[in-house]
Amino acid sequence: MYVTPARRVKQTVEGAIKLLLIASSTVAILTTVGIVASLLFEAIRFFGEIPMTDFLFGLEWSPQTAIRDDQVGSSGAFGAVPLFVGTLLISAIAMIVAAPVGLFAAIYLAEYAHIKVRGTVKPILEILAGIPTVVYGFFAALVVAPWLRGTGEAVGFDVSSESALAAGLVMGVMIIPLISSLSDDVISAVPQAMRDGAYGLGATKSETIRNVVIPAALPGIMGGMLLAVSRAIGETMIVVMAAGLAANLTANPLEAVTTVTVQIVTLLTGDQEFDSAKTLAAFALGLMLFATTLVLNVGALHIVKKYREQYD
Amino acid sequence: MELSLHTNLPSSAYVEDNLVSSPHKVTAQGVDVYYGDKQALKNINLDVPSNMVTALIGPSGCGKSTFLRCLNRMNDVVDGCRITGQIKLDGEDIYARGVDVVHLRARVGMVFQKPNPFPKSIYDNVAYGPRIHGLADSRAELDDIVLTSLEKAGLIAEVRDRLEAPGTGLSGGQQQRLCIARAIAVEPEVILMDEPCSALDPIATAKIEELIDELKQNYTIIMVTHSMQQAARVSQKTAFFHLGELVEQGDTSDIFTNPSDERTQAYVTGRIG
Amino acid sequence: MTDRAKNAERIKAGLARRYRAEKRFRLYGILAITAAVTFLLVMLTAIVIRGGGAFQQTHAALEITFDQQHIADNDWQGMVKASLRRAFPDVRARQDKRSLYGLMSNGAGFDLQNMVQDDPSLVGQTRTIWLPTSDDVDMLMKGVIDRSPPEGDRRITDKELTWIDQWIAAGTIAKQFNTRFFTSGDSREPELAGILSALMGSILSLSVCFALSFPLGVMTAVYLEEFAPKNKWTDLIEVNINNLAAVPSIVFGLLGLAVFLNIFMLPRSAPLVGGMVLALMTLPTIIIASRAALRAVPPSIREAAYGMGASTVQTVLHHVLPLAMPGMLTGTIIGMAQALGESAPLLMIGMVAFIVDIPAGFTDPATALPVQIFLWADSPERAFSERTAAAIIVLLGVLISMNLLAVILRKKFERRW
């Protein structure tokens, strides 16, 4: 076989194509590197001005006053604890709504529903997943929050117009398809032999599901829940539109709280120089957010992978 | 012992009729089974005596497992499966209206081809049946049931000191004996076994065959097997299935040494199947 | 065998309770599904009810004289005011006159200006022209503002009501299709505000997103599926892609701010930057969908090509890629639909300004449709609330079309190997 000039050209062209493909594949890595680098870089500059302990453990968040009084290093004005608590409060409400609804919907669709019902309901739940979060935010702020306020007042409760409950409820509905879809997959993957074993003993369907199927599917379901929590923590538009702007350290869902994502948006929209402590604080918050969701996501994927090994 | 499956009538109501009409534990009369439009079993008439091992033999795909699953109504879980005819347990048709499937399956237990222990501890595997049926009033009673069942299944010596270990951690043969213990724990009257040794090595198989021989003293056993040697070793009665029909049934020795039907002859001599 | 009799009694005793539990369990499942579906229906209905009205805009017919004086003074709104004075000659007091002028939109004058620019022969003529009313009049005509409360609690005074009633009696006030909604950009006045600038911004951003993410995504997928050896490097790339798919969208915005705006010094609020950020977000979706499409092509196709002496590049380019393309396109359309609905990262890179002019190029300041919705949602005027809901209807309409297109494409090119 001779290496003709034509063949040599072809080899070079092919080599170039391969190089191009490899280069494009590195974009994914570059993106992650870029995210980590930019967040770290700016956050480190922030921690140069505000000590990290103040940020992580401080109880007072009022970045505006810090600048006005020219007390850049004032302790307590960049304390992010109220933000963490607010984020957790709203995410907890969202999970309280989404976890049972999503799980039971998945159980019903996987184990009880007629195939036609399953074929109709699954796409409808997918629609919930496809609606832009700004639409959910609009609904939360302009319909749910006033309704909650009105109902609350009628019953005698004092409900804020930016209550954590309103934002958490709507966020919960948004997460339902995430939980139901993942849970449906893992429940369907449990081998029929296991169910047969329980039926053969005289167990009812619900007993089989509760005692055998769900425990077998539990790692996968937990993985799905972790992914859902990660999604709730990172959600921005619903909370920006429906939750409050003022930091408030409370566990009362009827009050207004603010979250990490809301503060990132507030600190960065509007005109200010890039270098002020306020904008750098946003990057510090962004770093916390990225780190937390990364841990949750890696944990979730790890659990799901381990579970898959069990049955393959 | 006549135990009514009908939940709203007293047990005594059935005693008189059934003692006279049916000396066999399980009888099938004119049973046809359809999967959708396809007919899997044609006009099956089978008598299964108590406290014996009845083997169902025949080439693969001829409906033996399908028939077995009819006996405890496991085919109810399969979409599109239709059964006509009568299957009687102690003279009562198990497909009659008002029959409680849950109770039926406590009376007719099942062991599957591939061992399928639950992802729970050995103790919890065996205790599962008694727990859901409410057969033990106290933890001590439950312990008793579990240990007795493991003993009857010949597994107690090997697992006595690790009852909390997961059931899936045992070897294939041990898992199958665990499944047998699990089935026994509910004190069924009949045990259905669907090729229980086909996934096991010869030594484990031998142990299980020994176990089956002991179990027949207290239980009626119906076993599907594709191994004629196993049927000859273990069973007292044999039924030969071929292409969805029950060709011949009778004493095991007769079926193997002196079959009446030429198809049975062809199968046992190895010319078909 | 008395054990068996005892067991039978125990089993029977427990059956009723167990069947009740079974029924309850099933019920929970049905309740859960009903709750989710009901919420969806309630949300969509609320939006349609709120927004449906915005597709119509109240106009009033005024007799306009295109007189030279007003044109020379460039006082187009003055022509409108003159017409109003002629229509209601009894209105004298200053306060009342201001009230009267307030019935019509501040932008009515611009309409007249555009008409004369298009047709100079109008100068000196008198015509009856339908012009947009103010947003309060619009809300009144749509029933959003109630007539019944006492005057102090209302946005429309009694005097204004009498004038409006006169128009109604004369038939010179009516709701017409709100073309302005689709032809103009944002405005401070709700009755003049439209979604065109936001739509163009979205289209431009998505074009940039597609141009970047589709080739990169397909190339990465091809490399990972067809060429890459199984080593730590490719494992790392895969782990990265899976992680990126789950990173919160706002973090991508921070990346865009720090790198694209501050290091590369690209213009703020530009669709170019928006598209780049969206591309990074959509990349994992396209890669994952493309890999699935490539895996679906049976190995026999590749073997046939290799067997004829084709190189890997030739096999992939000529045989595998064309067969996988429908699946890749479907995944890309779905990715684009997700990108269209994103707003958080765009807020970070500044596409959140008040944009009146329709953006024409990739570096013109622009906003995107979901961001426009976000901005309008903040405005207190009822008319903006209506338009926000209408913009949501448009956005959902576009998303539904894109997803339907993806489903049709998938069904059409579905092959059974």
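Brief remarks on what is shown
- Contact map, the range C:385-403: first residue small (Gly, Ala, Ser), second residue not in a helix (DSSP H, G or I), Cβ cut-off under 7 Å, separation 6 or more or different chains; pairs are C:ALA391/C:ILE195.
- Test: residue in the range C:118-136 that is in contact (Cβ under 8 Å) with a residue 60 or more places away in the chain, closer than 19 Å to C:GLU381 by Cβ and β-branched (Val, Ile, Thr): yes
- Taken over the range B:140-164, the criterion of being acidic (Asp, Glu) and more than 19 Å from B:LYS207 (Cα to Cα) is satisfied by B:GLU141, B:ASP143, B:ASP144, B:ASP161, B:GLU164.
- When the range A:132-147 is filtered for residues that are surrounded by fewer than 21 Cβ atoms within 10 Å (Cβ to Cβ) and more than 7 Å from chain C (Cβ to nearest Cβ), the ones remaining, listed by number, are A:PRO146, A:TRP147.
- Qualifying helices (runs of 4 or more DSSP H) (wholly inside the range B:123-223; at least 1 residues being at pLDDT below 95 and of a type in the set (Asp, Glu)): B:139-152, B:156-159, B:202-215
- Only helices (runs of 4 or more DSSP H) whose full extent lies in the range A:193-312 are considered here, and the ones with at least 1 residues that are more than 22 Å from the chain's Cα centre (by Cα) are A:205-208, A:214-234, A:277-311.
- When C:ALA221, C:ALA170 are checked against the criterion of being farther than 20 Å from C:ILE373 by Cβ, touching a helix residue (DSSP H, G or I) at 6+ places or on another chain (Cβ under 8 Å) and among the small types (Gly, Ala, Ser), C:ALA221 stands alone in meeting it.
- Test: B:THR220 is away from chain C (no Cβ under 14 Å), buried (at least 22 other Cβ atoms within 10 Å of the Cβ) and among the β-branched types (Val, Ile, Thr): no
- Filter pass, C:PHE88 being closer than 30 Å to A:VAL135 by Cα and either away from chain A (no Cβ under 14 Å) or among the hydroxyl-bearing types (Ser, Thr, Tyr) (or both): no
- Going through (1) within 19 Å of the chain's Cα centre (by Cα); (2) farther than 22 Å from B:VAL31 by Cα; (3) among the aromatic types (Phe, Trp, Tyr) one by one, B:PHE256 falls short only on (1).
- Qualifying residue in the range C:177-186 (condition: over 24 Å from C:GLY275 (Cα atoms), hydrophobic (A, V, I, L, M, F, W, C) and surrounded by fewer than 17 Cβ atoms within 10 Å (Cβ to Cβ)): yes
- Hits in the range C:350-376 - residues which are within 11 Å of chain A (Cβ to nearest Cβ) and modelled with pLDDT under 90: C:GLY350, C:MET351, C:VAL352, C:ALA353
- Residue match in the range A:219-229 (condition: of a type outside the set (A, V, I, L, M, F, W, C), without any contact (Cβ under 8 Å) to a residue 60 or more places away in the chain and either in contact with a His (Cβ under 6 Å, 6 or more places away or on another chain) or away from chain C (no Cβ under 12 Å) (or both)): no
- Looking across the range B:46-82 at every residue that is more than 15 Å from the chain's Cα centre (by Cα) and closer than 18 Å to A:LEU201 by Cα, the one that is nearest to the other protein chains (Cβ to nearest Cβ) is identified as B:VAL77.
A quick yes/no check of all residues on (1) in contact with a Pro (Cβ under 6 Å, 6 or more places away or on another chain); (2) within 9 Å of chain A (Cβ to nearest Cβ):
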position: B:ALA106; (1), (2): no, yes
position: B:VAL111; (1), (2): yes, yes
position: B:LYS120; (1), (2): no, yes
position: B:ALA127; (1), (2): no, no
position: B:ASP143; (1), (2): no, no
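- Filtered by the rule that a residue be part of a helix (DSSP H, G or I) and at the interface with chain A (Cβ under 9 Å from one of its Cβ atoms), the range C:222-232 gives C:VAL222, C:TYR223, C:LEU224, C:GLU226, C:PHE227.
- Test: A:VAL213 is away from chain C (no Cβ under 11 Å), β-branched (Val, Ile, Thr) and under 30 Å from B:ILE184 (Cα atoms): yes
- Among (1) within 37 Å of the chain's Cα centre (by Cα); (2) exposed (fewer than 15 other Cβ atoms within 10 Å of the Cβ); (3) modelled with pLDDT under 90 - the single one C:GLY53 does not satisfy: (2)
- Residue pairs meeting the criteria (Cβ under 6 Å; at least 6 apart or on separate chains; first acidic (Asp, Glu), in the range B:246-273; second in a helix (DSSP H, G or I)): B:GLU248/B:THR264
- Considering residues of the range C:19-44 that are aromatic (Phe, Trp, Tyr) and over 23 Å from the mean Cα position of the chain (by Cα) only, the residue farthest from the other protein chains (Cβ to nearest Cβ): C:TYR19
- Any hit, the range A:121-129, residues being surrounded by fewer than 19 Cβ atoms within 10 Å (Cβ to Cβ), at pLDDT below 95 and under 15 Å from the mean Cα position of the chain (by Cα): yes
- Pairing residues of the range C:338-356 that are surrounded by fewer than 24 Cβ atoms within 10 Å (Cβ to Cβ) with residues that are in a loop (DSSP other than H, G, I, E, B) and of a type in the set (Asp, Glu), at Cβ distances under 7 Å and at least 6 apart in sequence or on separate chains, gives C:PHE354/C:ASP186; C:ILE355/C:ASP186; C:VAL356/C:ASP186.
- From A:ILE124, A:ILE107, A:ILE176, residue being facing chain C (nearest Cβ under 9 Å), in a helix (DSSP H, G or I) and without any contact (Cβ under 8 Å) to a residue 24 or more places away in the chain: A:ILE124
- Evaluation of A:THR261 against (1) at the interface with another protein chain (Cβ under 7 Å from one of its Cβ atoms); (2) crowded, with 24+ Cβ neighbours inside 10 Å; (3) touching a Phe, Trp or Tyr at 6+ places or on another chain (Cβ under 7 Å) (one fails), failing number: (3)
- Flag if A:LEU39 is touching a residue at least 12 places away in the same chain (Cβ under 8 Å) and within 13 Å of chain C (Cβ to nearest Cβ): yes
- Out of C:MET79, C:MET115, sole residue that is hydrophobic (A, V, I, L, M, F, W, C) and touching a Ser or Thr at 6+ places or on another chain (Cβ under 8 Å): C:MET79
- For the range A:1-97, the helices (runs of 4 or more DSSP H) that sit wholly inside it and include 3 or more residues that are modelled with pLDDT of 85 or more and more than 29 Å from A:GLY168 (Cα to Cα) are A:5-49.
The rows are residues; the columns are (1) facing chain A (nearest Cβ under 8 Å); (2) assigned to a helix (DSSP H, G or I); (3) in contact with a Cys (Cβ under 7 Å, 6 or more places away or on another chain).
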site	(1), (2), (3)
C:LEU204	no, yes, no
C:ILE237	yes, yes, no
C:VAL247	yes, no, no
C:LEU254	yes, yes, no
C:VAL273	no, yes, no
C:ALA279	no, yes, yes
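The values are calculated or read from the model by the stated rules, or taken from the named source; none is laboratory data. Predicted model only: the values in this text are computed from it and were never measured. For neighbour counting, all protein chains shown are included, and Cβ atoms are generated from backbone atoms with ideal geometry for every residue, glycine included.
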